[in-house]
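Okay, so here's the structure we're looking at.
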Amino acid sequence: TASLALPGAPSGWWTLTAELGPDELRADDRRIGVVRVAPVARVAWDTADRYLAAACEVLAANRRIVRGDEVTVGRLGRGSSVVQPPEDPAELGALNRALAARGVGWSYGRLSIDPVPADSGPVVGRVRVTRRHLLQPNGSGRTGVLASVAGEPWLVRSGGVVLVGSRLDPAWTELPLSAGFMPFMDLLLNRVARGEVILAQGAPGQAVPLPDLATGVRQGQREWRVEGGGMFRPRDVGAYYLVAGADTVGAISSNLDLRESLLAPASDDRIRRLWSGARVASLTDSAELAFSAGARGDLRGPLLVAALLLGLGEVALASVWRRQR
């Protein structure tokens, strides 16, 4: 991997191309990627929230966020917000009313205390969740799901508001103690809360999962209408942008599978998995096996018998011909 600085690049979505010198396999000499250039998020957080505050301070120390009022994390703010359920259950009703007043299409439901793992996805990995409020859609559809637990929404986005089903605390989920917590917070604050959902990788013809809020896929002048939460198969190599209405919410970089250029010999076990019942042998033994296998028996015996029968037939015909003369 390589890290590149883009000094002076204006904000927006950029398609990057990396090329290698030509070799015997030319198809994989050029690869395409997509990046979104944007200033780091300006975040407001509550210093009393131990784990959220610690994560935000680490991100700020590494210049991944700065203090400001663009994104509020932990509670519902005036602008973009990352909201977690209140510590006091008595405050849940007031929070749901505030969410409805903001036009958020989701609300917090009953509390579940069944320990279950999160469903692994591009936003959050397979971490254990011990307490969570079920997230309930207020409309007729279920859109904006970013992550789920046991098949049920756990992280959703509606407008500029992101709802987390659990408090980001070890008493609710092991995520704050996992190695993936800081990347998750970086993604949440810099991308998800600001409208970007996914940067996916794929290959032509390979099915790539789409976020629930995606309504279309664009490449240049071409556009495909899609169903959020479904699959999309890129037709060719290139950059495909995911849209939700008029907003770009992600991208798919489609490149040839790197395994197509790996010329290392396959292992015997892999060959047997690909071709059930295959018999793997060395080149030195292949000739003998080719003639001794039951399905391909040695033909020398049958050929000699056939030659003998032909000879006898020729003698018989010659004898008959002489008698007739």
task = Place the peptides 123-134, 230-241 in order of packing, highest mean first, counting for every residue the other Cβ atoms within 10 Å and averaging per peptide.
result = 123-134, 230-241
request  = Give me the number: length gained by fully extending Glu19 to Gln201, i.e. 0.36 nm times residue separation minus the C-alpha to C-alpha distance, one decimal in nm.
outcome  = 63.8 nm
task = May I ask which residue of Ala100, Ala44, Val217 lies farthest towards the positive end of the charge dipole of the chain, with charges of +1 (Lys, Arg) and -1 (Asp, Glu) on Cβ and the Cα centre as origin?
result = Val217
query = Most mobile of Ile65, Ile271, Ile32 per a Gaussian network model of the chain (Cα springs, under 10 Å)?
reply = Ile271
inquiry  = Run the simple label-point estimate for Ile113 and Asp247 please: 7 Å along Cα→C-beta, distance reported in nm.
reply    = 3.6
request  = Restricting to the chain, compute how many DSSP beta bridges are antiparallel as a %, nearest 5.
outcome  = 70
inquiry  = Report the gain in length on full extension from Val305 to Ala90: 0.36 nm times residue separation, minus Cα-Cα distance, nm rounded to one decimal.
reply    = 67.8 nm
key: Difference of contour (0.36 nm per residue) and Cα-Cα distance, Glu227 to Arg26   = 68.8 nm
query = Which value in Å is the Kirkwood Rh of the chain over different Cα pairs?
reply = 24.5
request  = Rounding to the nearest 20 debye, state how big the charge dipole of the chain is about its Cα centre with +1 on each Lys and Arg Cβ and -1 on each Asp and Glu Cβ.
outcome  = 760
query = Share of antiparallel DSSP beta bridges in the stretch 52-202, in percent to the nearest 5?
reply = 70
ask   = Where is the GNM fluctuation largest for the chain (alpha-carbon springs, 10 angstrom cutoff): Arg42, Arg102, Arg26?
value = Arg26
ask   = What residues qualify as long-range amide H neighbours of Leu135, i.e. H under 5 Å apart, gap of 5 or more or another chain, H built at 1.01 Å from N?
value = Gly109
note = Within the stretch 1-72, DSSP-loop GluC sites (Glu not before Pro) with at most 16 other C-beta atoms within 10 Å are Glu24
request  = Please identify the helices of the chain, taking whole runs of DSSP H, that span at least 15 Å along their own axis as judged from the Cα atoms and have a mean Kyte-Doolittle score of 1.0 or higher.
outcome  = 50-61
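Where a number appears in this text, it was derived from the coordinates with a stated rule and is not lab data. Source: prediction; values computed, not measured. Glycine gets a Cβ as well: all are built from the backbone with ideal geometry, and neighbour counts include every protein chain shown.
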